[in-house]
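A.B. asks: Okay, handing you the structure first.
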Amino acid sequence: MSEALAQRVRVEVEGTVQGVGFRPFVYRLARELGLTGWVQNTRSDVLIEVEGNLPVVEEFLQRLRTDAPSSASVETVSTTIVPVLDDAGFSINQSAKSGQRVLVIPPDLATCADCQRELADPHDRHFRYPFLTCTQCGPRYSLLKAIPYERSNTTMAGFELCSACRAEYEVEADRRFHAEPIACPKCGPRLCLWDEQGRETANDEAALQQAATLLEQGLVVAVKGLGGFQLWVDAKSEEAVRRLRGRKRRLEKPFAVLFPSIDAIRDYCLLSSGEEALLCSPQAPIVLARKRRDAVLADAVAPSNPYLGVMLPATPLHHLLMASLGHPMVATSGNRSEEPIVTDEREALVRLQGIADALLVHDRPVVRPVDDSVALVVPGKVQLVDGEQKEKPRADVMIIRRARGYAPLAICWRDNATDGGAQGPILAVGGHLKNTIALLTGNRVVLSQHLGDLSTLEAYRVFRQAVEDLQRLLDVKPHAIACDLHPDYRSTTFGRELAATLSVPLVPVQHHHAHVASCMAEHKLDGEVLGVAWDGAGYGGDGQVWGGEFFIASYRQFTRFASLKPFRLLGGEAAMKEPGRSTAAVLWELMGEEMLTLSLSSWKVTDNQRAQLASVLRSGVASPWTTSMGRLFDAVASLTGLCHQASFEGQAAMAVQFAAEREWEAGGGRAKGYPIDLVRSENSDARWIVDWRPMISTVLDDLRRGHRPELITARFHVGLAEGAVRVAQAAGLPRIVLTGGCFQNRLLQSLMRQLLERAGFTVYSHALVPPNDGGLSLGQAVVAACSVSREV
């Protein structure tokens with residue numbers, strides 16, 4: 001090569017580029033283009049030196065981004081010109097052991113197409129092997145014990161590679177080059193079927209077939225998957241599904257359903273192209289898709305719900321089981337309600353006793369619980385009262401449970417920020433429900449997998465393990481601890497104790513400020529936004545329970561610009577399970593004592609119950625003031641007769657959403673919004689009050705006229721969206737952030753986005769970080785980063 005024409009470039013690639021076959025990709029690309037040099041993993045990224053003619057080097061740099069493996073995510077590519085060495089070839093160098101560790105850990109990925117072909121090929125040595133994998137798929141985070149991601153640092157270290165696997169592992173051009181969890185029937189994990197006492201009844205292929213037979217008989221089988229156990233049962237058997245509900249103590253909350261193929265899902269659900277792409281992606285989450293009216297599944301799978309949580313097999317074991325069964329199966333988290341999923345087979349014998357009739361287990365240890373992710377696709381447009389033509393829907397993906405496939409990928413929350421921000425590690429411990437934790441260093445935040453509700457000791461134990469695990473894995477000690485402002489959350493108590501132990505600052509972050517900051521961080525927003533934070537409950541700075549908030553917010557601070565008119569949270573947490581309590585509270589604010597004599601057949605509350613509720617309202621005992629949008633949805637649910645008892649969080653609000661969606665489907669969505677008043681608060685803060693009383697008064701009028709709940713709930717949604725536009729216009733900020741659990745309601749989010757964008761605003765909503773409390777830790781971390789930097 002002529003030295004005058006040659007150029008050597010050092011390339012630093014940041015992002016998800018370890019554990020995803022990126023080095024073999026670089027090797028093959030360099031060899032294809034006739035370039036020399038080397039590639040290696042560092043403790044933080046991938047480092048490359050490449051040498052050749054300038055146009056070819058430029059093509060190489062371009063294709064690093066465009067041709068990278070689908071499971072990789074290239075965030076930045078930095079180049080430096082270095083002296084030409086005129087080396088002989090291109091090689092993959094041993095990973096560097098020194099240097100600063102960056103917060104990038106590869107997630108677990110669903111079985112790739114190449115491995116699926118091998119699984120089904122009788123002539124391949126991996127034929128029907130439940131644990132085959134390659135650089136493009138398989139377990140990573142769930143079996144990783146330390147960084148860097150190498151076999152010796154995973155639970156596969158105990159399985160010595162056979163000669164055939166060793167050859168694949170060491171040949172640079174092979175698809176399994178340094179695929180850390182690879183194995184085959186000769187050298188890898190084995191499958192066993194246990195009875196409920198832990199006695200082995202079959203192994204390997206026989207175990208697989210016997211498990212399928214038990215499922216066909218309607219029994220419950222606990223299947224040890226990639227990140228823990230799932231409970232499987234025949235989704236077409238009403239008796240079997242009801243039996244699982246009784247054993248798991250999960251009365252009505254929908255179950256996820258596993259299908260053998262995308263064609264099978266199409267038989268049961270109306271899938272958009274965005275939903276199909278999501279289901280078939282390497283992340284392969286559970287996707288909430290609309291059921292076909294003629295879908296024949298057990299009613300107990302998703303009672304009174306027009307959606308199904310559907311998914312495709314994510315591991316070879318799942319593929320094999322579903323190929324044997326050939327029809328949909330309930331595949332729900334392996335736990336009792338409110339507990340974390342079980343990861344160890346011996347533990348499963350205790351914690352799943354009385355639930356599972358048999359256990360399909362294997363001997364590959366799971367380091368940490370990683371549940372299935374859950375996602376939905378939000379339509380971009382809905383038709384409104386003025387008859388605006390529907391546009392082609394924008395496929396806005398929203399993760400509502402971030403786990404397998406997505407966790408613990410780092411969120412890069414800012415590039416060149418103007419708002420300051422601490423560089424030192426900050427640990428955020430999240431909220432009480434849907435808990436996640438987060439670790440921030442510089443411009444990256446690692447968000448843990450979904451850990452669940454911290455209401456049980458078992459869940460709290462897993463939470464504490466996750467905190468220790470993330471610090472150990474990333475080799476950092478926090479310089480500050482961020483937590484929720486609520487003083488009694490278990491996560492807050494833990495954060496307070498940890499901060500004292502480490503002698504570092506504790507930064508309490510108001511719940512809804514964390515929600516807004518979370519969405520801002522996901523979109524790398526700096527400066528001020530109008531944050532619309534609507535959810536069930538969050539501890540407010542005034543001691544009230546907030547939840548219908550409009551904040552003028554930055555990372556550093558927020559002003560409560562507007563909120564819902566307060567009403568009583570009757571009986572505290574009891575109101576979340578009995579929507580009629582919220583109805584009583586809003587009626588009391590609207591009409592006072594007249595609530596006792598209100599004649600309304602749809603509100604199923606007896607005279608005696610009304611009298612008891614009125615007595616509590618008069619005294620205010622155990623009934624704090626709230627501005628909760630979630631409870632306002634509950635009030636409408638009970639008032640219209642849609643839901644009077646909620647067995648799981650959000651059930652009543654979902655009933656309101658589903659009724660409104662039925663109206664859109666039946667009548668084209670030509671609904672006129674209910675009126676809302678916008679008035680100034682009489683308190684010292686002089687914030688705007690979004691007064692819902694005209695809305696509820698008109699709801700009562702419509703009920704007396706005999707209007708259908710579908711029309712009433714559709715008008716309710718439009719009224720809320722129109723009210724939000726008025727607040728946004730009063731605030732005058734161009735950027736609007738939609739956040740909080742209420743925005744899991746795809747109809748509400750679509751309406752809000754459409755009306756706000758029509759009014760000239762730029763709207764941001766969540767995508768890869770949940771809008772619910774699963775995103776709180778990200779918001780806490782970035783708020784604390786700016787708070788700590790201000791104090792330094």
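A.B. asks: I'd like the residue in region 159-180 that is of a type outside the set (D, E, K, R) and at pLDDT below 95 and, out of all such residues, is farthest from His362 (Cα to Cα).
C.D. replies: Filtering first and then ranking leaves Ala173.
A.B. asks: Filter region 274-290 for residues that are small (Gly, Ala, Ser) and touching a Pro at 6+ places or on another chain (Cβ under 9 Å); which is surrounded by the most Cβ atoms within 10 Å (Cβ to Cβ)?
C.D. replies: Ala284
A.B. asks: Kindly establish whether Thr133 is among the β-branched types (Val, Ile, Thr), open to solvent by less than 50 Å² (accessible area, probe 1.4 Å), over 13 Å from Val367 (Cβ atoms) and modelled with pLDDT of 95 or more.
C.D. replies: Against the criterion (among the β-branched types (Val, Ile, Thr), open to solvent by less than 50 Å² (accessible area, probe 1.4 Å), over 13 Å from Val367 (Cβ atoms) and modelled with pLDDT of 95 or more), Thr133 qualifies.
A.B. asks: Select from region 422-460 the residues that are open to solvent by 10 Å² or more (accessible area, probe 1.4 Å), in a loop (DSSP other than H, G, I, E, B) and polar (S, T, N, Q) and write down the one among them that is farthest from Glu649 (Cα to Cα).
C.D. replies: Per the stated criteria, the residue is Gln423.
A.B. asks: For the condition touching a residue at least 40 places away in the same chain (Cβ under 8 Å) and touching a Gly at 6+ places or on another chain (Cβ under 6 Å), what is the one hit in Val769, Val788, Val783?
C.D. replies: Just one listed residue meets the conditions, Val769.
A.B. asks: Being among the charged types (D, E, K, R), at negative phi, in contact (Cβ under 8 Å) with a residue 24 or more places away in the chain and not in a loop (DSSP other than H, G, I, E, B) is true for just one of Arg23, Arg65. Which residue is that?
C.D. replies: Arg23
A.B. asks: Between a first residue in region 331-346 that is at negative phi and a second residue that is among the basic types (Lys, Arg) and open to solvent by less than 20 Å² (accessible area, probe 1.4 Å), which pairs have beta carbons less than 7 Å apart while being 6 or more apart in sequence or on different chains?
C.D. replies: Once the first residue is at negative phi and sits in region 331-346, its partners that are among the basic types (Lys, Arg) and open to solvent by less than 20 Å² (accessible area, probe 1.4 Å) give Arg336/Lys248; Ser337/Lys248; Glu345/Lys224.
A.B. asks: Right, something else. Test Ala666 against the criterion of being over 26 Å from Arg293 (Cα atoms), hydrophobic (A, V, I, L, M, F, W, C) and open to solvent by 60 Å² or more (accessible area, probe 1.4 Å), and give yes or no.
C.D. replies: no
A.B. asks: When you go through (1) buried (at least 20 other Cβ atoms within 10 Å of the Cβ); (2) farther than 21 Å from Ala173 by Cα; (3) out of contact with any helix residue (DSSP H, G or I) (no Cβ under 9 Å at 6 or more places or on another chain) one by one for Pro24, which number turns out not to apply?
C.D. replies: Failing condition for Pro24: (2).
A.B. asks: When you check Ser78 against the structure, is it open to solvent by 30 Å² or more (accessible area, probe 1.4 Å), of a type in the set (Gly, Ala, Ser) and more than 25 Å from the chain's Cα centre (by Cα), yes or no?
C.D. replies: yes
A.B. asks: Pro260 - would you say it is within 25 Å of Ala652 (Cα to Cα), assigned to a loop (DSSP other than H, G, I, E, B), open to solvent by 10 Å² or more (accessible area, probe 1.4 Å) and touching a Leu at 6+ places or on another chain (Cβ under 9 Å)?
C.D. replies: When the stated conditions are applied, Pro260 does not pass them.
A.B. asks: Also: Among the residues that make up region 525-538, is at least one of them at pLDDT 95 or above, outside any strand (DSSP E or B) and at positive phi?
C.D. replies: Yes, region 525-538 contains at least one residue that is at pLDDT 95 or above, outside any strand (DSSP E or B) and at positive phi.
A.B. asks: Also, quick follow-up: Which one of these does Leu678 not meet: (1) within 32 Å of the chain's Cα centre (by Cα); (2) closer than 23 Å to Phe558 by Cβ?
C.D. replies: Looking at each condition in turn, Leu678 falls short on (1).
A.B. asks: Shifting gears a bit: State yes or no: is Leu271 open to solvent by 10 Å² or more (accessible area, probe 1.4 Å) and on the phi < 0 side of the Ramachandran plot?
C.D. replies: When the stated conditions are applied, Leu271 passes them.
A.B. asks: Restricting attention to region 729-737, does a residue exist that is under 30 Å from Ser491 (Cα atoms), outside any helix (DSSP H, G or I), touching a residue at least 40 places away in the same chain (Cβ under 8 Å) and not aromatic (Phe, Trp, Tyr)?
C.D. replies: Yes, region 729-737 contains a residue that is under 30 Å from Ser491 (Cα atoms), outside any helix (DSSP H, G or I), touching a residue at least 40 places away in the same chain (Cβ under 8 Å) and not aromatic (Phe, Trp, Tyr).
A.B. asks: Ok, one more. Looking at region 461-479 only, could you name the residues that are in contact with a Leu (Cβ under 8 Å, 6 or more places away or on another chain), outside any helix (DSSP H, G or I) and open to solvent by 10 Å² or more (accessible area, probe 1.4 Å)?
C.D. replies: Val476, Lys477
A.B. asks: Is it the case that region 490-501 has a residue that's open to solvent by less than 10 Å² (accessible area, probe 1.4 Å), modelled with pLDDT of 95 or more and part of a strand (DSSP E or B)?
C.D. replies: There is no residue in region 490-501 that is open to solvent by less than 10 Å² (accessible area, probe 1.4 Å), modelled with pLDDT of 95 or more and part of a strand (DSSP E or B).
A.B. asks: Please go through region 135-161 and pick out each residue that is touching a residue at least 40 places away in the same chain (Cβ under 8 Å) and of a type in the set (A, V, I, L, M).
C.D. replies: Leu143, Leu144, Ala146, Ile147, Met156
A.B. asks: Now for a separate question. Taking region 305-340 as the search range and keeping residues that are touching a helix residue (DSSP H, G or I) at 6+ places or on another chain (Cβ under 7 Å) and of a type in the set (Ser, Thr, Tyr), which one is farthest from Val656 (Cα to Cα)?
C.D. replies: Only one residue tops the list, namely Ser324.
A.B. asks: Of all residues in region 3-35, count the ones that are of a type in the set (Ser, Thr, Tyr) and within 31 Å of the chain's Cα centre (by Cα).
C.D. replies: Looking only at that region, the number is 1.
A.B. asks: Tally the residues that are open to solvent by 10 Å² or more (accessible area, probe 1.4 Å), under 18 Å from Ser142 (Cα atoms) and in a helix (DSSP H, G or I), restricting the search to region 347-384.
C.D. replies: Adding up the residues that qualify gives 1.
Each row is one residue, and each column tells you yes or no for (1) open to solvent by 50 Å² or more (accessible area, probe 1.4 Å); (2) under 37 Å from the mean Cα position of the chain (by Cα).
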position	(1), (2)
Met591	no, no
Leu598	no, no
Lys604	yes, yes
Asp607	yes, no
Arg610	no, no
Leu617	no, no
Ala622	yes, yes
Trp625	yes, yes
Ser628	no, yes
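A.B. asks: Would you confirm, using the coordinates I've provided, whether Arg242 is farther than 29 Å from Pro122 by Cα, of a type in the set (Lys, Arg) and either touching an Asp or Glu at 6+ places or on another chain (Cβ under 8 Å) or open to solvent by 20 Å² or more (accessible area, probe 1.4 Å) (or both)?
C.D. replies: yes
A.B. asks: Further, regarding this structure: Based on this model, can you work out whether Pro55 counts as in a loop (DSSP other than H, G, I, E, B), without any contact (Cβ under 8 Å) to a residue 24 or more places away in the chain and loosely packed, with under 12 Cβ neighbours inside 10 Å?
C.D. replies: no
A.B. asks: Can you name the residue in region 738-760 that is in a helix (DSSP H, G or I) and open to solvent by 30 Å² or more (accessible area, probe 1.4 Å) and is also farthest from His512 (Cα to Cα) among such residues?
C.D. replies: Per the criteria, the residue is Arg758.
A.B. asks: Go through Val725, Val763, Val699, Val769 for me and flag whichever is of a type in the set (Val, Ile, Thr), part of a loop (DSSP other than H, G, I, E, B), open to solvent by less than 30 Å² (accessible area, probe 1.4 Å) and more than 23 Å from Asp542 (Cα to Cα).
C.D. replies: Val769
A.B. asks: For region 637-651, check the following and say yes or no: at least one residue is surrounded by fewer than 17 Cβ atoms within 10 Å (Cβ to Cβ), in contact with a strand residue (DSSP E or B) (Cβ under 8 Å, 6 or more places away or on another chain) and either among the aromatic types (Phe, Trp, Tyr) or at pLDDT below 95 (or both).
C.D. replies: no
A.B. asks: Would you pick out the residues in region 227-237 that are open to solvent by less than 60 Å² (accessible area, probe 1.4 Å) and more than 29 Å from Asp363 (Cα to Cα)?
C.D. replies: Ser237
The values are calculated or read from the model by the stated rules, or taken from the named source; none is laboratory data. It should be emphasised that the depicted structure is a prediction, and the values quoted were computed from it without experimental measurement. Because the Cβ atoms are built from the backbone with ideal geometry, glycine has one as well, and the counts that use them run over all protein chains shown. Remember, those area values only see protein heavy atoms, side chains included, never the ligands or the DNA or RNA. Shrake-Rupley method; radii C 1.70, N 1.55, O 1.52, S 1.80 Å.
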